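Here's the structure we're looking at; comments come further down.
The values are calculated or read from the model by the stated rules, or taken from the named source; none is laboratory data. None of the values given here were measured: they were computed from a predicted structure. A quick note on method: Cβ atoms are made from the backbone with ideal geometry, for glycine too, and the neighbour counts reach across all protein chains shown.
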Amino acid sequence: MVKEKKKSPDRPDNTAFTQQRLPAWQPILSAGIVIPGFVLIGLAFIGIGVGLFITSRDIQVLEMDYTGTEASSDCNKCAITNTKNCMCSLDFNISTLFKGPVFFYYGLTNYFQNHRRYGVSRDDSQLYGDLTNFKDPSTDCKPYRVDSNGKPIVPCGAVANSMFNDTFKLYQNVNGQRNLVPFDGKGIAWWTDYNVKFRNPSVEPLKNAFNDTVKPLFWTRAVYELDFSDPSNNGFLNQDFLVWMRRAALPNFRKLYRRITEGDYKEGLPAGNYTLEISYNYPVLRFDGRKKVVFSNVSWMGGKNDFLGIAYLVIGSLCVVMSMVMLIVYAKFKFPEDN
Amino acid sequence: REYNRSFKYATNAIKTSKYNVLTFLPLNLFEQFQRIANAYFLVLLVLQVIPQISSLSWFTTVVPLIFVLTVTAAKDATDDLADLLLLSSSEPLNLVYIETAELDGSTNLKVRQALPVTGDLGDDIEKLADFNGEVRCEPPNNRLDRFTGTLAFAGQKYALDNEKILLRGCTLRNTEWCFGLVLFAGQETKLMQNCGKSTFKRTSVDRLMNVLVLCIFGFLVCMCTILAIGNYIWEINKGSNFTVFLPREDGNNAGFSAFLTFWSYVIILNTVVPISLYVSVEIIRLGNSFYIDWDRKMYHSHSDTPAEARTTTLNEELGQIKYIFSDKTGTLTQNIMIFNKCSINGKSYGKIKQNNHFIKQKDSVDFSFNPLADPRFVFYDHSLVEAVKLENPEVHAFFRLLALCHTVMAGEKKEGELFYQAQSPDEGALVTAARNFGFVFRSRTPDSISIVEMGKQRSYELLAILDFNNVRKRMSVIVRSPEGKLSLYCKGADTIIYERLHQSCSKLMDVTTEHLNEFAGEGLRTLALAYKDLDEEYFSQWKQRHHEASTALDDRESKLDELYEEIEKDLLLLGATAIEDKLQDGVPQTIEELSKADIKIWVLTGDKQETAENIGYSCNLLREEMNEVFIISGHSSDDVREELRNAQTSMKPNAAENPVILSEEAGEGVKLIKDEVVNGEYGLVINGHSLAFALERSMELDFLRTACMCKSVICCRVTPLQKAQVVELVKRYKRAVTLAIGDGANDVSMIKAAHIGVGISGQEGMQAVLSSDYSFAQFRFLQRLLLVHGRWSYLRMCKFLRYFFYKNFTFTFVHFWFAFFCGFSAQTVYDEWFITLYNLMYTALPVLGMSLFDQDVNDVWSFQHPQLYVPGQLNLYFSKKAFFKCAIHSCYSSLVLFFIPYAALHDTVRDDGKDMADYQSFALLTQTCLLFAVSIQLGLEMSYWTAVNTFFVLGSLVMYFVVTFTMYSNGMFLLLPSAFPFIGSARNSLNQPNVWLTIVLTSILCVLPVVTYRFLLIQLCPTINDKVPDQNQHAKATPPPPPRRARIRRSSTRRSGYAFSHAQGYGDLVTSGRFLRRPAISLSSGFSQVGRAATGFSPMGRSAGYSPTGRPQNLKVPDVEVTSLQMYRTITDPSL
């Protein structure tokens, strides 16, 4: 045909892009890729699954309900009477060494910390120590923004207001003697929460920052006097407060209360009889909630969770089975050789 | 009274028309919110402002909305130009030079002049601003060449006509500045009135999408209702007990709470119809349109015309074409007739053209002996020239006949520079052939013809023209030579001529018949030539009777016919001519490929039946191996019906009496006819007058049914209106996408009627192109437009929609599952920033990349396997079923994406014993899983990984992590504590091994069933779409060029059409001397631009009296009102 003539401005550019000739990788679902792929994924999953399963099986968990709905429970008296500072206790027995470090959690069920209206009812600026928000808390905090006299609530909002306020003490019964198991309450909250997200106003003493404010309605003590034993563990930086303020994703949850890392119990809880002394304050019966305590140790994969391991095992086995099915189908139909 | 002042610079930029700087924003916003989709998002925004309802922060909707509005507003702002009344200009006499190529295709400079009264104002803006006149003018219309109005100023009225108007779309040339008064703007401008689609075309995917969006809205309401009911139950059972920690606001009971929840969930779940869908669809279409513009394989270097996508909204429809309606002249053919072969006195001349490539220019006959020869004429047989030079008497008589017996007009601008205007290109070709072989037709008067015979000027007295008509199928002239010899020269269809030959030529007849069959077998148009010498006495007596007959008051025609019949007998055969109606390059191959792609091609032409049939054969539309070609040419309603019925029964003997009606939608009465499968291949040729009956209400279904059973259909002698009617008929009763392709003004109606109109540019005027959606220079590009661009566009659009719905449904459904665990409180699963950016940033580019670059197989393979086109016609890639599958798939994925993280995080803790089952970690985990799952799914969908795609996919994932870590960083929190509450979640979660194990698990679990399903589907019931890419993989290299089917030479069972392509001769006109001289047109411009439309000649209403809007303005064009003859073009393609 005609040889290429002089360049015309209307002549489209001859580039790989404009002519849609960009080099490309064109994978297709061929048997050579899919079947070995399935086998490999299947085997890998089975491997991971076994590892996870064994790890999870080795993690010890001791979970005890202390709601007190049953008459036999010691906490029954506190649950039904709703008296203040009601104390009850829970006896239990550990048959083998509970390897340390042991973590002590409290758990709540049927508790909707993930409810939208509950979740938004807080003021992050206030919790960051912003004094203007002390005087005028965010409207998000409604209906726990100001008290009936119009005084601002600090910390405001439903989340802070509903803070869990049961306290626990653990004793080991050795020969009729009760040995207090020391709890470590430091560093149970996220580092970022403790160091960045929450901050006390830089007022000395801390108490003065809270002038003209009131404590949350359900609270017995103000936020700056939550921990008498450790002055630094007060205000918004109180570890229990921080833990509570990180709201749970699901209606059944557990939150870290203390760690057992010190003294004789560094290596764990030895076998024996124990008594947990509970200061029973938090009402859950109204909404059919349960309260429980959990002792657990952890591994590289975190707390005990059989699900992941089992899931990996099941999916892995499914992959292998499917690859067999595919192989049979492929051998039987053997497209694309037949054309 | 409109009095907007505006500037017009040489760049043709107009400042003020619909908007100005201040009013643009509010006006444009108002207009944009009139679009339903945008209004919907505005409603959402309003909902979010209500604190009780607001489940999401305002920015989640505002950011995308602003983005969309900005894009659209930017588009609107650039779209704004207007029609102007010229006030004054920089040039002397207030002239303005303009080029109107965009309007009518002509590239000449035109002149516009301002009124003196305004022109005197010059460039004095103050004066111009003070100028206070009143313009009254016609309402907006689409006539580009007309404008009427008056300017009243200082008590005086000035007439305004077209000369004073600058239309939108024209370009200023050689003019520094001019001032104008805006008359019409926006949609009212003549350009918009003209080429603005009279009906806004939408693609079937568009329509389906609208239906689906409505369904989705319904579904959204359902989901929200379920969740609201859930909320009501929860509030009664649990919420009322939970009020200790979460008190209700005053007065809110469970019912009211459920009501609020409904709206809150409307906000959260609105992402099932994301605002970015519409924007993305437009971007994809725009991109794919650019590919068409950029395609060098659709660029015609000879005419320097690239393909152009004039509409950017119809691309995917190109991949679904089922019916093509094509014009013939100028579309399939070049409208160039070439004198190819001849048989003179039993000797055949003219070599078979083997292959263009091997015949060099130098092989052609040298006509330098003849100074008057047309340099563009090419002939390859030297023996004919030798015969002419040797003064072979038969050869001379042959060419003398060609030079004398015709109705061509000659023009001579300069000495020796002849050009012919012929009513049919065939005639022109014959006269030009004679010219080159030394018998030059020079000029004519009503009673004489002067020719140059081998260099000698001779004048023949023209005594009579026995004109051509459809019944006679021949024409004759009676001339007296300078020597005084009386002769009758006759040319006509061979069968007709043969009946009138003298017995003495029976031997010659046999030989010539053989040649004729040979010519016809090659698809050439033949004519037989004969002559006879007349007796002076007999002629004068005949002449007398002829005069009487021609002045008779009654029965004139039949009397004349009798007379003609009498004199045209005992003719002596001279020979035969063979003319090639030159097809455009690659037309037969294109048609073959397209029919392999199961596209049905109907040719709608104004030509007469023989011509059309002939072209049908030569371009593979009709084939000799077809079982039967039905010809419908009945002259009454009953005849036509019977012919149609007969055709039906012979194709399908036991077919039902009535067409099978696929579905009948109540109310509208829309019927759809099922495609019927017949054994064998059939063709249908229907004549214009029969078509008129066939298109009647009572018969149209019969016609359609018959036509659809046939492989190809040719409608001849159709008017532009009928063309549109045929298209409408198919559109109405077939659920199929139609495409109309044409080049002339007479095709405008069907181009507008069809789903997609394609204009052939560079041949005739611009009307067809202006009203088309796509335009290119050659018919063969249609193959690439459909099989490559169309298929890819459709594939990409469908993949895009499927994936887009998948990713948004998956995203949204997770909220639905979470609702059951958060007390139906409209708590979102993800971080609000993630919701805002998910469609905008994290998943936008990968899917756009896929829909701009994806190819299942490359263009070469697409051509190799035209069957790949079929799924598009059947709407397989994106239909309600495919959408439903998408929804199911999303449902599965969302279940995995919610419950796997749920189970994995439930009651678990970090490896340092701290909390991990908190809301923020859960949100982060779920959204990361989601993003991985949809990205991997995209990878599965994508079959063409360019570097760009890889970059987009990986880049988006990286972007996600970068943005997430930034959003959750200390710095952002310190900046705005309330906007970034997720501080630290990324750091605290993503360093946990079980988080990553969960991500891997969900990703794999989302993808595995899909891979298994697809793999098994490919193995168990592979489709062509699975096989071809597989072969492609195996072959790796480009496929061998498809074996071109050897053109099967037709056996000579049928006689080709004779070479008269016009209806009625113009002998009367020629002899009456009434013919008008066309204004002289220079050869250089005339040959390249002036086509049928430009000369305005219209033997069968091809171009005259037809408006581009599809409404015939003057359907009755009386035959006598011919104002000019057709410009004849010889070979214009020097490459041949």
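Pick out the one residue from B:536, B:518 that is in contact (Cβ under 8 Å) with a residue 40 or more places away in the chain and more than 25 Å from residue B:567 (Cβ to Cβ).
B:518
When the residues of region A:104-118 are narrowed to those that are touching a residue at least 24 places away in the same chain (Cβ under 8 Å) and part of a helix (DSSP H, G or I), which ends up nearest to the chain's Cα centre (by Cα)?
Among them, the one singled out is A:118.
Please work out which residue is surrounded by the fewest Cβ atoms within 10 Å (Cβ to Cβ), limiting yourself to region B:844-889 and to residues that are at pLDDT 90 or above and closer than 30 Å to residue A:114 by Cβ.
Filtering first and then ranking leaves B:888.
Consider residue B:230 carefully, then state whether it is closer than 30 Å to residue B:768 by Cβ and in a helix (DSSP H, G or I).
Spelling it out, it is not the case that residue B:230 is closer than 30 Å to residue B:768 by Cβ and in a helix (DSSP H, G or I).
Given the residues B:463, B:527, B:488, B:508, which is the only one that is modelled with pLDDT of 85 or more, part of a helix (DSSP H, G or I) and on the phi < 0 side of the Ramachandran plot?
B:508
Spot the failing condition for residue B:513; the list is (1) among the hydroxyl-bearing types (Ser, Thr, Tyr); (2) part of a helix (DSSP H, G or I); (3) over 44 Å from the mean Cα position of the chain (by Cα), and only one is missed.
Looking at each condition in turn, residue B:513 falls short on (3).
Let me confirm something: among B:271, B:305, which residue is away from chain A (no Cβ under 14 Å) and of a type in the set (Ser, Thr, Tyr)?
Criteria check complete, one pass: B:271.
Conditions tested, residue by residue: (1) facing chain A (nearest Cβ under 9 Å); (2) crowded, with 22+ Cβ neighbours inside 10 Å; (3) in a helix (DSSP H, G or I); (4) among the hydrophobic types (A, V, I, L, M, F, W, C).
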position	(1), (2), (3), (4)
B:256	no, no, yes, yes
B:264	yes, yes, yes, no
B:267	no, yes, yes, yes
B:284	no, yes, yes, yes
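Tell me the residue from B:982, B:932, B:951 that is part of a loop (DSSP other than H, G, I, E, B), more than 9 Å from chain A (Cβ to nearest Cβ) and of a type outside the set (Lys, Arg), please.
Of B:982, B:932, B:951, the one residue that is part of a loop (DSSP other than H, G, I, E, B), more than 9 Å from chain A (Cβ to nearest Cβ) and of a type outside the set (Lys, Arg) is B:982.
Mind listing whichever residues of region A:19-63 are among the small types (Gly, Ala, Ser) and more than 9 Å from chain B (Cβ to nearest Cβ)?
Listed by number, the residues that qualify are A:32, A:42, A:44, A:47, A:49, A:51, A:56.
Residue A:247 - would you say it is at negative phi, in contact with a Phe, Trp or Tyr (Cβ under 7 Å, 6 or more places away or on another chain) and at the interface with chain B (Cβ under 7 Å from one of its Cβ atoms)?
So residue A:247 passes the test.
Select the strands (runs of 3 or more DSSP E) contained entirely in region B:293-355, then report the ones holding at least 2 residues which are more than 17 Å from the chain's Cα centre (by Cα) and in the same structural domain as residue B:431 (by the TED database).
B:333-344, B:347-349
One line per residue, one yes/no per condition, for (1) at the interface with another protein chain (Cβ under 10 Å from one of its Cβ atoms); (2) at positive phi; (3) part of a strand (DSSP E or B); (4) touching a strand residue (DSSP E or B) at 6+ places or on another chain (Cβ under 8 Å):
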site	(1), (2), (3), (4)
A:273	no, no, yes, yes
A:294	yes, no, yes, yes
A:304	yes, no, no, yes
A:320	no, no, no, no
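Got a sec? Which of B:825, B:749 is more than 23 Å from residue B:852 (Cβ to Cβ), more than 12 Å from the chain's Cα centre (by Cα) and more than 14 Å from chain A (Cβ to nearest Cβ)?
Selected residue: B:749, the only one of B:825, B:749 that is more than 23 Å from residue B:852 (Cβ to Cβ), more than 12 Å from the chain's Cα centre (by Cα) and more than 14 Å from chain A (Cβ to nearest Cβ).
Can you pull out every residue in region B:878-906 that is within 13 Å of chain A (Cβ to nearest Cβ) and either farther than 20 Å from residue B:830 by Cα or small (Gly, Ala, Ser) (or both)?
B:903, B:904
Do you know which residues across region A:180-196 are under 13 Å from residue A:233 (Cβ atoms) and touching a helix residue (DSSP H, G or I) at 6+ places or on another chain (Cβ under 8 Å)?
Selection gives A:185, A:186, A:187, A:188, A:189, A:194.
Could you tell me whether region B:734-753 includes any residue that is crowded, with 24+ Cβ neighbours inside 10 Å, in a loop (DSSP other than H, G, I, E, B) and either in contact (Cβ under 8 Å) with a residue 40 or more places away in the chain or in contact with a Lys or Arg (Cβ under 8 Å, 6 or more places away or on another chain) (or both)?
Checked region B:734-753: at least one residue is crowded, with 24+ Cβ neighbours inside 10 Å, in a loop (DSSP other than H, G, I, E, B) and either in contact (Cβ under 8 Å) with a residue 40 or more places away in the chain or in contact with a Lys or Arg (Cβ under 8 Å, 6 or more places away or on another chain) (or both).
What number of residues within region B:485-508 are within 23 Å of residue B:426 (Cα to Cα) and hydrophobic (A, V, I, L, M, F, W, C)?
Going through region B:485-508 one residue at a time, the tally reaches 5.
Can you name every residue in region B:673-693 that is in contact with a Gly (Cβ under 9 Å, 6 or more places away or on another chain) and either free of Cβ contacts under 8 Å to residues at least 12 places away in the same chain or not in a loop (DSSP other than H, G, I, E, B) (or both)?
B:683, B:685, B:688, B:689, B:690, B:693
Where in region B:365-460 are there strands (runs of 3 or more DSSP E), lying fully within it, with 1 or more residues that are among the polar types (S, T, N, Q) and touching a residue at least 60 places away in the same chain (Cβ under 8 Å)?
Hits in region B:365-460: B:417-421, B:439-445.
Considering each of B:615, B:631, B:601 in turn, give the residue that is modelled with pLDDT under 85, of a type outside the set (Asp, Glu) and either over 20 Å from the mean Cα position of the chain (by Cα) or not in a helix (DSSP H, G or I) (or both).
B:615
Suppose we filter region A:42-54 for residues that are surrounded by 18 or more Cβ atoms within 10 Å (Cβ to Cβ) and not aromatic (Phe, Trp, Tyr); how many remain?
The number of residues fulfilling the criteria is 5.
Please return the ranges of helices (runs of 4 or more DSSP H) entirely within region A:119-210 where 1 or more residues are within 12 Å of chain B (Cβ to nearest Cβ) and touching a residue at least 12 places away in the same chain (Cβ under 8 Å).
Output list reads A:124-127, A:158-161.
Give the residue, chosen from A:208, A:179, that is among the polar types (S, T, N, Q) and more than 29 Å from residue A:292 (Cβ to Cβ).
A:208
Does region B:641-653 hold any residues that are of a type outside the set (Lys, Arg), in contact with an Asp or Glu (Cβ under 9 Å, 6 or more places away or on another chain) and within 15 Å of residue B:692 (Cα to Cα), and which are they?
B:644
For region B:863-877: of the residues being in a helix (DSSP H, G or I) and among the aliphatic types (A, V, I, L, M), which is farthest from the other protein chains (Cβ to nearest Cβ)?
B:870
Quick check on residue A:309: is it within 13 Å of chain B (Cβ to nearest Cβ) and part of a loop (DSSP other than H, G, I, E, B)?
When the stated conditions are applied, residue A:309 does not pass them.
Being at pLDDT below 80 and either more than 30 Å from residue B:738 (Cβ to Cβ) or within 23 Å of the chain's Cα centre (by Cα) (or both) is the requirement here; does residue B:362 meet it?
The answer is yes for residue B:362.
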